[in-house]
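K.L.:
Quick one: the structure is below, questions incoming.
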Amino acid sequence: MSDEEAGRERPRSAADRRGRRASSSGSEASGAVTAGKGRPTRSRGESAPKKASIFARLVRFLREVVAELRKVIWPTRKQLVTYTIVVLVFVAFMVALVSLLDWVFGLGVEALFGA
């Protein structure tokens, strides 16, 4: 059974298939806000919304920080120890590599300029 036979209109674009566009019931022409889009962009003539007090903004910021920290997947103690050891070994390797290169280039400069 095709879409036309089932009484559905076939989507014309990928956005239509994902349901991002309003149906062709005329809501687009009337300027209505589509579901999931939030509020419309304010026009030039509209005034900007009043800012909340500094205390209210600080409280909101702290609430959002706590909400984001709850989303974090914290490592277990075993993972933390493993990651710490890996970082320390890598840093020791890089220090050794840079020290070796410094020593080699120092020998080269000494041989070139005979200090």
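The values are calculated or read from the model by the stated rules, or taken from the named source; none is laboratory data. Here the structure is a predicted model, which is why all the values come from computation and not from measurement. When we count neighbours, we look across all protein chains shown, and the Cβ atoms used for this are built from the backbone with ideal geometry, even at glycine.
K.L.:
Which of the residues spanning region 66-75 are surrounded by 10 or more Cβ atoms within 10 Å (Cβ to Cβ) and either at pLDDT 95 or above or β-branched (V, I, T) (or both)?
P.N.:
Keep residues of region 66-75 that are surrounded by 10 or more Cβ atoms within 10 Å (Cβ to Cβ), which gives 75.
Once the filter is applied, which keeps residues that are surrounded by 10 or more Cβ atoms within 10 Å (Cβ to Cβ) and either at pLDDT 95 or above or β-branched (V, I, T) (or both), region 66-75 yields nothing.
K.L.:
Here's another thing I want to ask about it. May I ask you to verify whether V59 is surrounded by 10 or more Cβ atoms within 10 Å (Cβ to Cβ) and over 25 Å from the mean Cα position of the chain (by Cα)?
P.N.:
Criteria not met by V59.
K.L.:
Only one of (1) assigned to a helix (DSSP H, G or I); (2) loosely packed, with under 10 Cβ neighbours inside 10 Å; (3) among the aromatic types (F, W, Y) is not met by Y83, so which one is it?
P.N.:
(2)
K.L.:
Name the one entry in K78, K50 that is assigned to a loop (DSSP other than H, G, I, E, B) and modelled with pLDDT of 70 or more.
P.N.:
One residue alone meets the criteria, K50.
K.L.:
In this structure, is I85 modelled with pLDDT of 95 or more and either of a type in the set (V, I, T) or more than 25 Å from R39 (Cα to Cα) (or both)?
P.N.:
For I85, the condition - modelled with pLDDT of 95 or more and either of a type in the set (V, I, T) or more than 25 Å from R39 (Cα to Cα) (or both) - is met.
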